[in-house]
Amino acid sequence: MNRNNGTLLEVRSLRTYFDTEDGTVKAVDGISFALQRGETLGIVGESGSGKSVTNLSIIRLIPSPPGKIVSGEVIFDGRDIQLLPESEVRKIRGRRIAMIFQDPMTSLNPFMRISRQLMEITQLHLGYSNAEARSHAIKMLETVGIPDAAVRADSYPHEFSGGMRQRVMIAMALSCEPELLIADEPTTALDVTIQAQILELIKSLKEKTGTSVILITHDLGVVAGMTDHLLVMYAGKVFEQAATSELFARPGNPYTRGLLRSVPDPTAEQGKLYQIPGLPPDLARLGPGCPFADRCDRAEELCRKEFPPFVELTPEHYSLCHFAAEVYEQSGRKEIL
Amino acid sequence: MNTDSVQVAPTQPEQPLIAIRDLEVHFHLGGGSAWDNLLTGHSVRRVVKAVDGVTLDIYSGETLGLVGESGCGKSTLGRAILRLIEPTKGQVLFHGRDLAQLSGRELRQHRRHLQIIFQDPYASLNPRMTVGQIVGEPLETFRLKVGRDKDRRVQELLEIVGLNPRFSKRYPHEFSGGQRQRIGIARALAVAPDFIVADEPISALDVSIQAQIMNLLERLQRLQNLTYLFISHDLRAIRHLSNRVAVMYLGKLVEVAQAKTIYDEPLMPYTKALISAVPVPDPFIESTRRRIVLQGDVPSPINPPPGCRFHTRCPYAILACREVVPPLVEIKPNHFAACIRISPAQTDIEKVAPGEAPGLDAVEKI
């Protein structure tokens, strides 16, 4: 496998819509990004921003109906996943692209022993015998730090704590050495000290195996230490896209800037917290203008009338805003001060 | 919170508004009887020591942050103070009267001054009542306002929490999570309380909405001189809102100090790990700082470990930690910590010689 840099995944103008009673909800509306091998991409957004739908679309797990991928391409290792027959997609899912979800309890089968659930994957995808699969399962559990793996392997999921279950999910996801790991809010249901354990684990496993990772989260603190690049999503659109360090130091979008300022920084003096006013928009009733205009501190008449352009600030930094250049300019000046 | 009040509130030598004394909430899960012994072969009583001997003062006008991981007993403590859960032992003194001893009628009278905001804005509002009825109900219960006066007060309350007064005829399902939390806050404010337990009020909300609710809580505190017990597992929110912070682990308080102090110079090993585990939204800090990653999980609160409850995960634990229950000692002025491996003379656990426990003397004195 080619572990050098090279594009592993490319998503082009992906649109996933849902038919609801209120009309068509454009959950993901024209998303494009590329993921290099060995890279970690963070997708940040609030609930309903479309971050999870993006990833379910990549692996073709959108329930249809009501959902439908209306247009766009998902090129994984040179092939468009949308055009493959279901049987081919199944060979990719779990083997070459693996997933970890937020809630480890509902993602594990409560009636099956942990060992059985882990063995299933390698037997299915790699054709392991029972004995091979079992020893591999125990090896994986040891890798993710389950104490007494050989004994604990025969436990049922309810006998494990939340953090341990998430470790099992990671062991399962990494069993076939996938090229891409999609982690959808992997630590949201966990306590802070356990979150730290899981994040360290993902980081060290990634260094060892060279897997590319897509990390979806609402927590800006989590992506700050984990990712190389970031997408900020709002109302089904990518609002900003940049290298992580650049995006934190010099946001070029009023939404990103607001989001960064509304998280209290425990290391600084506690002043009044910046707040983004209002509520996220109803995705079934979007107007023609910028979906963030009503909550934005920079919005003008133009923003409500015309949809903003995706402005290239640098070859690696894009922002969806009529005033992207101005906002970028401002945050650059602040850094010098 | 402005910095002036941070320095003033907790050091005032005044009477505390709420004084919690050796409060205990134990839940008995059965076991231990001859019958159980016969059936299961276990003769051990299974007891969840959710809150196990907590002593804490809350001063008027301050926000006391109560932080800990799930299952540490922080919500149970918050509810036991209001007697929404009956304490099994100990006192809660409010204006000098012990709430734990009050009769039903007296307690109801006192409840007017003590309110709670719940975590889940979806489960804590009756879906069949309008917003006006929800916010007005406490006014009726305590016979504070009736008829037109009541309606006017409801409108006023909605406005205070940032909702359109016209919404009073609507039902909870018509609102988003953040708006529902505002309704819950308006209900708590209706009776003009002195003290509010805010039990994870922002945990279920989106980042941009969290900031709105935190700012609202701060504004209301200034306007109405409220005292908060702010319960959260989110250390960033705790640091932002609180004057003082109490850290809880498996039913016991392990450290109490000023919010800034807890964050900048935590003394007790658990607090140190907890603070270092908080992800900071700054890639530079994240890539350079050292994180203390604790081994293992929080032990079960059913029959928790003896001695210091943190010894099973503590990188500094010595043999004595398994035997001695560390008391909360004032290690530095207004900075309390429960750890036998430090003492007022030797505050930095890193500098204590291996195997030594300078805090043991204090334990023996007690």
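Pairs, please: C-beta under 6 Å, at least 6 apart or cross-chain, first residue of a type in the set (S, T, N, Q) and in region B:256-279, second not in a loop (DSSP other than H, G, I, E, B)?
As it stands, the answer is B:Gln258/B:Arg244; B:Thr261/B:His335; B:Thr271/B:Val247; B:Thr271/B:Glu255, since those pairs meet every condition given.
Which one of these does A:Met233 not meet: (1) surrounded by fewer than 24 Cβ atoms within 10 Å (Cβ to Cβ); (2) within 13 Å of chain B (Cβ to nearest Cβ)?
(1)
Take the residues in region A:295-311 that are within 27 Å of the chain's Cα centre (by Cα) and surrounded by 14 or more Cβ atoms within 10 Å (Cβ to Cβ); name whichever of them is nearest to A:Tyr255 (Cα to Cα). Write out each step before concluding.
First, the residues of region A:295-311 that are within 27 Å of the chain's Cα centre (by Cα): A:295-296, A:307-311.
So of that shortlist, the ones also surrounded by 14 or more Cβ atoms within 10 Å (Cβ to Cβ) come out as A:295-296, A:307-308, A:310-311.
Working: A:Arg295: 9, A:Cys296: 7, A:Phe307: 15, A:Pro308: 13, A:Phe310: 14, A:Val311: 15 Å.
The qualifying residue nearest to A:Tyr255 (Cα to Cα) is A:Cys296.
Looking for something farther than 22 Å from B:Val154 by Cβ, modelled with pLDDT under 95 and of a type outside the set (A, V, I, L, M, F, W, C) - is there at least one such residue anywhere in region B:179-199?
Taking every residue of region B:179-199 in turn, at least one turns out to be farther than 22 Å from B:Val154 by Cβ, modelled with pLDDT under 95 and of a type outside the set (A, V, I, L, M, F, W, C).
Taking the conditions exactly as written (touching a residue at least 60 places away in the same chain (Cβ under 8 Å), surrounded by fewer than 20 Cβ atoms within 10 Å (Cβ to Cβ) and of a type outside the set (A, V, I, L, M)), does A:Gly30 satisfy them or not? Spell out how you get there, then give the answer.
Values: touching a residue at least 60 places away in the same chain (Cβ under 8 Å): yes; surrounded by fewer than 20 Cβ atoms within 10 Å (Cβ to Cβ): yes; of a type outside the set (A, V, I, L, M): yes.
Spelling it out, A:Gly30 is indeed touching a residue at least 60 places away in the same chain (Cβ under 8 Å), surrounded by fewer than 20 Cβ atoms within 10 Å (Cβ to Cβ) and of a type outside the set (A, V, I, L, M).
Check B:Arg182, B:Arg239, B:Arg222 and return the single one that is of a type in the set (Lys, Arg) and closer than 16 Å to B:Leu163 by Cα.
Checking each option against the conditions leaves just B:Arg182.
What is the residue count in region A:138-156 for residues that are buried (at least 21 other Cβ atoms within 10 Å of the Cβ) and within 26 Å of the chain's Cα centre (by Cα)?
So the count comes out to 4.
Please work out if A:Gly252 is without any contact (Cβ under 8 Å) to a residue 24 or more places away in the chain and of a type in the set (Gly, Ala, Ser).
Values: without any contact (Cβ under 8 Å) to a residue 24 or more places away in the chain: no; of a type in the set (Gly, Ala, Ser): yes.
Here the answer is no, as A:Gly252 does not meet what is asked.
Go through region A:238-253 and count every residue that is away from chain B (no Cβ under 12 Å), over 14 Å from the mean Cα position of the chain (by Cα) and not in a loop (DSSP other than H, G, I, E, B).
2
Would you check which residues across region A:18-74 are over 21 Å from A:Leu286 (Cα atoms), assigned to a loop (DSSP other than H, G, I, E, B) and among the hydroxyl-bearing types (Ser, Thr, Tyr) and list them?
Result: A:Ser64, single match.
Which pairs do you get when a residue that is assigned to a helix (DSSP H, G or I), found in region A:87-102, comes within reach of a residue that is among the hydroxyl-bearing types (Ser, Thr, Tyr) and buried (at least 18 other Cβ atoms within 10 Å of the Cβ), reach meaning Cβ atoms under 9 angstrom, with the pair 6+ apart or on two chains?
Nothing qualifies.
Going through B:Ile116, B:Ile160, B:Ile134 one at a time, which residue ends up being in contact with a strand residue (DSSP E or B) (Cβ under 9 Å, 6 or more places away or on another chain) and modelled with pLDDT of 90 or more?
Going through B:Ile116, B:Ile160, B:Ile134 in turn, just one is in contact with a strand residue (DSSP E or B) (Cβ under 9 Å, 6 or more places away or on another chain) and modelled with pLDDT of 90 or more: B:Ile116.
Exactly one condition in (1) assigned to a helix (DSSP H, G or I); (2) farther than 30 Å from B:Asp149 by Cβ is not met by B:Leu216; state its number.
Unmet for B:Leu216, out of (1) assigned to a helix (DSSP H, G or I); (2) farther than 30 Å from B:Asp149 by Cβ: (2).
Could you grab the pairs with beta carbons closer than 9 Å, sequence gap of 6+ or different chains, first residue in region A:298-320 and farther than 16 Å from A:Met233 by Cα, second one among the hydroxyl-bearing types (Ser, Thr, Tyr)?
From residues that are farther than 16 Å from A:Met233 by Cα, the pairs are A:Glu312/A:Tyr318; A:Glu312/A:Ser319; A:Leu313/A:Ser319; A:Leu313/A:Tyr328; A:Thr314/A:Tyr328.
Conditions tested, residue by residue: (1) touching a residue at least 40 places away in the same chain (Cβ under 8 Å); (2) part of a helix (DSSP H, G or I); (3) crowded, with 16+ Cβ neighbours inside 10 Å.
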position: B:Leu56; (1), (2), (3): yes, no, yes
position: B:Gly71; (1), (2), (3): yes, no, yes
position: B:Tyr122; (1), (2), (3): yes, no, no
position: B:Arg128; (1), (2), (3): yes, no, no
position: B:Leu139; (1), (2), (3): yes, yes, yes
position: B:Arg148; (1), (2), (3): no, yes, no
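The rows are residues; the columns are (1) within 12 Å of chain A (Cβ to nearest Cβ); (2) surrounded by fewer than 24 Cβ atoms within 10 Å (Cβ to Cβ).
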residue: B:Glu255; (1), (2): no, no
residue: B:Ile262; (1), (2): yes, no
residue: B:Glu265; (1), (2): no, yes
residue: B:Pro269; (1), (2): yes, no
residue: B:Leu274; (1), (2): yes, no
residue: B:Thr288; (1), (2): yes, yes
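Exactly one condition in (1) over 26 Å from the mean Cα position of the chain (by Cα); (2) in a loop (DSSP other than H, G, I, E, B) is not met by B:Phe310; state its number.
(1)
Given the structure, is B:Gly178 closer than 20 Å to B:Tyr228 by Cβ, in a helix (DSSP H, G or I) and within 14 Å of chain A (Cβ to nearest Cβ)?
yes
Report yes if A:Leu279 is within 23 Å of B:Leu216 (Cα to Cα), within 14 Å of chain B (Cβ to nearest Cβ), under 23 Å from the mean Cα position of the chain (by Cα) and in a loop (DSSP other than H, G, I, E, B), otherwise no. Reasoning before the result, please.
Working: within 23 Å of B:Leu216 (Cα to Cα): yes; within 14 Å of chain B (Cβ to nearest Cβ): yes; under 23 Å from the mean Cα position of the chain (by Cα): yes; in a loop (DSSP other than H, G, I, E, B): yes.
Yes; evaluated as a whole, the condition is true for this residue.
Out of A:Met105, A:Met164, which single residue is part of a helix (DSSP H, G or I), under 30 Å from A:Phe18 (Cα atoms) and either of a type in the set (S, T, N, Q) or within 14 Å of chain B (Cβ to nearest Cβ) (or both)?
A:Met105
Please go through region A:80-130 and pick out each residue that is under 26 Å from the mean Cα position of the chain (by Cα), aliphatic (A, V, I, L, M) and closer than 22 Å to A:Gly162 by Cβ.
A:Ala98, A:Met99, A:Ile100, A:Met105, A:Leu108, A:Ile114, A:Leu118, A:Ile121
Which numbered condition trips up B:Gly78, out of (1) outside any strand (DSSP E or B); (2) surrounded by 17 or more Cβ atoms within 10 Å (Cβ to Cβ); (3) modelled with pLDDT under 90?
(3)
Could you tell me how many of the residues in region B:155-173 are assigned to a helix (DSSP H, G or I) and more than 15 Å from B:Arg219 (Cα to Cα)? Write out each step before concluding.
To start, the set of residues in region B:155-173 that are assigned to a helix (DSSP H, G or I) comprises B:155-160, B:165-169, B:172-173.
So of that shortlist, the ones also more than 15 Å from B:Arg219 (Cα to Cα) come out as B:155-156, B:165-169, B:172-173.
Residues flagged as assigned to a helix (DSSP H, G or I) and more than 15 Å from B:Arg219 (Cα to Cα) within region B:155-173 amount to 9.
Please work out which residue is nearest to the other protein chains (Cβ to nearest Cβ), limiting yourself to region A:282-294 and to residues that are assigned to a loop (DSSP other than H, G, I, E, B) and buried (at least 19 other Cβ atoms within 10 Å of the Cβ).
So, considering only residues that are assigned to a loop (DSSP other than H, G, I, E, B) and buried (at least 19 other Cβ atoms within 10 Å of the Cβ), the one nearest to the other protein chains (Cβ to nearest Cβ) is A:Phe292.
Using the structure shown, decide if A:Thr227 is more than 12 Å from chain B (Cβ to nearest Cβ) and either among the hydroxyl-bearing types (Ser, Thr, Tyr) or surrounded by fewer than 23 Cβ atoms within 10 Å (Cβ to Cβ) (or both).
The answer is no for A:Thr227.
Condition check ((1) surrounded by fewer than 22 Cβ atoms within 10 Å (Cβ to Cβ); (2) more than 10 Å from chain B (Cβ to nearest Cβ); (3) touching a residue at least 60 places away in the same chain (Cβ under 8 Å); (4) not polar (S, T, N, Q)) across all residues:
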| position | (1), (2), (3), (4) |
| --- | --- |
| A:Ala189 | yes, no, yes, yes |
| A:Ile194 | no, no, no, yes |
| A:Ser204 | yes, yes, no, no |
| A:Lys208 | yes, yes, no, yes |
| A:Thr211 | no, yes, yes, no |
| A:Gly221 | yes, no, no, yes |
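Could you identify the single residue in B:Ser300, B:Ser276 that is polar (S, T, N, Q) and at pLDDT below 85?
Checking each option against the conditions leaves just B:Ser300.
I'd like to know if region B:281-299 contains one or more residues that are of a type in the set (S, T, N, Q), over 25 Å from B:Val54 (Cβ atoms) and in a helix (DSSP H, G or I).
The answer is yes, given that some residue of region B:281-299 is of a type in the set (S, T, N, Q), over 25 Å from B:Val54 (Cβ atoms) and in a helix (DSSP H, G or I).
The values are calculated or read from the model by the stated rules, or taken from the named source; none is laboratory data. None of the values given here were measured: they were computed from a predicted structure. Glycine gets a Cβ as well: all are built from the backbone with ideal geometry, and neighbour counts include every protein chain shown.
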